[in-house]
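Participant: Following this message is one structure expressed as structure tokens.
The values are calculated or read from the model by the stated rules, or taken from the named source; none is laboratory data. Note that the structure is predicted; figures quoted are calculated from it, not measured. Cβ coordinates were reconstructed from backbone atoms using ideal geometry, including for glycine residues, and neighbour counts include every protein chain displayed.
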Amino acid sequence: MTIADLDSGQRATIKRIDLSHPSSFRVIEYGFTPGQEIEIINKSIFNDPLAVSLRGALIAIRRNDAKCIEVML
């Protein structure tokens, strides 16, 4: 399961980042690292971008980028 699969209001813990994905290093620079708790705050009208709460910050992330972040509920 990835962040892109979560619904608004769901919380999860980051399990791993798929380093073979082209955006993997970008999302790591944003602070998406294994063990961090995230919450989906809102999804835009076509589910892109997603508003994610991470470490007290609100981050907008593209759905394609979110697909490289695996989570567990």
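Participant: So which residues in segment 27-53 are of a type in the set (A, V, I, L, M, F, W, C) and farther than 13 Å from Ile69 by Cβ, if there are any at all?
Facilitator: Listed by number, the residues that qualify are Ile41, Ile45, Phe46, Ala51.
Participant: Taking segment 23-63, which residues are assigned to a helix (DSSP H, G or I) and over 13 Å from Asp5 (Cβ atoms)?
Facilitator: Once the filter is applied, which keeps residues that are assigned to a helix (DSSP H, G or I) and over 13 Å from Asp5 (Cβ atoms), segment 23-63 yields Ser24, Phe25, Arg26, Val27, Ile28, Glu29, Tyr30.
Participant: Examine segment 13-27 for a residue that is under 18 Å from Leu73 (Cβ atoms) and either polar (S, T, N, Q) or in contact with a His (Cβ under 8 Å, 6 or more places away or on another chain) (or both), and state whether such a residue exists.
Facilitator: yes
Participant: Can you name every residue in segment 15-68 that is surrounded by 15 or more Cβ atoms within 10 Å (Cβ to Cβ) and aromatic (Phe, Trp, Tyr)?
Facilitator: Tyr30, Phe32
Participant: Kindly establish whether Arg55 is more than 11 Å from the chain's Cα centre (by Cα), at pLDDT below 95 and of a type in the set (Lys, Arg).
Facilitator: So Arg55 fits the description; yes.
Participant: May I pose another question? Considering (1) of a type in the set (Gly, Ala, Ser); (2) within 13 Å of Cys68 (Cβ to Cβ); (3) at pLDDT 95 or above, say which one Ala4 fails and leave the rest.
Facilitator: Failed condition: (3).
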